[in-house]
Amino acid sequence: MPACSLSDDCGGLLKERSGTIETPNYPNNYPVDKVCAWVIETQTGDKVVLTFETFALEDNSVCQYDYVLIRDGSSARSPMVGKFCGTSRPATITSTGNFLWIGFRSDSSTTKMGFKASWTTEKFTSTTPTITETSPPPVVPKGL
Ligand SMILES: [Ca+2]
């Protein structure tokens, strides 16, 4: 059950074994106030491998304006893999199951080219996530 509404011109459920997704208007700048959500579904037992080919979003230290959010699962409530903005291309992302959720959001000003990403599917060979993106350090509770 996606929390983002699916727009007419972006997002959707993708069941092909490989393909590409891109932001609206790509390679021209994406529009303002846009929300897209893609869900890639592979056959049970397979996993999704997503590679960003180009990436250019409005930059912000905490990505509060425009961002791409990736989740390891089929919905907006699945565990988050990462939140990305700016012009650093995210590393290749591999799902642990047979779904990968990709959300995109732009705010009311400043747009960039957006992104183009391609996915393929692989046979499931391990239960270990192979997410190569660097994670932020864990928050250490004070007073320990
Ligand atoms: Ca913006």
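The numbers here are math on the coordinates, done by the rules we state, and not lab data. What you see is a predicted model, and the numbers here were worked out from it, not measured in a lab. A quick note on method: Cβ atoms are made from the backbone with ideal geometry, for glycine too, and the neighbour counts reach across all protein chains shown.
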Listed highest first by mean packing, meaning other Cβ atoms within 10 Å per residue, what order do 20-29, 88-97 come in? 88-97, 20-29
Nearest-0.05 FRET efficiency for ASP33 and THR92, computed from C-beta distance (R0 41 Å): 0.90
Show the residues, 5+ positions off or on another chain, whose built amide H is closer than 5 Å to the amide H of GLY12. ALA37, TRP38, VAL39
For the pair SER75 and THR51, what calculated FRET efficiency results from E = 1/(1 + (r/R0)^6), where r is the Cβ-Cβ distance and R0 = 22 Å, to the nearest 0.05? 0.45
Under a no-solvent Debye model with one identical scatterer per Cα of the stretch 5-132, what's log10 I(q)/I(0) at q = 0.11, 0.17 Å⁻¹? -0.34, -0.81
